[in-house]
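Colleague: Below is a structure I'd like to ask you about.
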Amino acid sequence: MPPAEPSLPITGGCQCGAVRFRADALGRAAICHCRMCQKAFGGLFGPLVTGKGVTWTRGAPTWFDSSDQARRGFCARCGTPLAYDTREQDESLELAIGALDQPELAPPALQVNPHDRLSFFDTLVALPTRDAAIRPLVERRKGAPVTSHQHPDHDTATWPPRTE
């Protein structure tokens, strides 16, 4: 499926809303199976897309030098992975696909570092799925509906949100 037509501006940010960004355009999206990406994302792979003309619009990431070649940006408040930077001279930066407000804009087109791909990766789509009806059971168990504290998938005028 071709990527969705981006609605400008292309925006994103961390889970808590302390760090937000805007990109002028997106390039190629990929998933990286290297062990550093697995650990940085706390997942089975690192989903990244090239962001062109990236501007930090609220706050800025904290950077960790994950190797002598690259650094990784994340929100120091909530821990959300945001970026991967090789410090090359061009104006692009790899952005975490899940940090985009519209992650459907960046369907991965390539897998990299397959030598570190976990042995069970190719079998994941065959796993059984849990019915969506389980959520009300979880809510009843706790006695109240689940309330998200996550920043919405769009820019906001203020942060943190005001509570009445």
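Colleague: Give segment 66-76 a look and list any residue that's of a type outside the set (S, T, N, Q) and either assigned to a strand (DSSP E or B) or modelled with pLDDT under 95 (or both), or say none.
Modeller: Residues satisfying the conditions are Asp68, Ala70, Arg71, Arg72, Gly73, Phe74.
Colleague: Output the number of residues of segment 1-33 satisfying the condition of being in contact with an Asp or Glu (Cβ under 6 Å, 6 or more places away or on another chain), part of a loop (DSSP other than H, G, I, E, B) and at pLDDT 95 or above.
Modeller: Adding up the residues that qualify gives 1.
Colleague: Taking the condition part of a strand (DSSP E or B), surrounded by 11 or more Cβ atoms within 10 Å (Cβ to Cβ), of a type outside the set (Asp, Glu) and within 12 Å of the chain's Cα centre (by Cα), does Gly98 pass?
Modeller: Details: part of a strand (DSSP E or B): no; surrounded by 11 or more Cβ atoms within 10 Å (Cβ to Cβ): yes; of a type outside the set (Asp, Glu): yes; within 12 Å of the chain's Cα centre (by Cα): yes.
No, not satisfied.
Colleague: Sticking with this structure for a sec: Out of (1) touching a residue at least 12 places away in the same chain (Cβ under 8 Å); (2) farther than 18 Å from Asn113 by Cα; (3) touching a strand residue (DSSP E or B) at 6+ places or on another chain (Cβ under 8 Å), what's the single condition that is false for Asp65?
Modeller: (1)
The values are calculated or read from the model by the stated rules, or taken from the named source; none is laboratory data. Note that the coordinates shown come from a computational prediction; the quantities given were computed from them, not determined experimentally. As a convention, Cβ positions derive from the backbone with ideal geometry for all residues, glycine included, and neighbour counts pool all protein chains shown.
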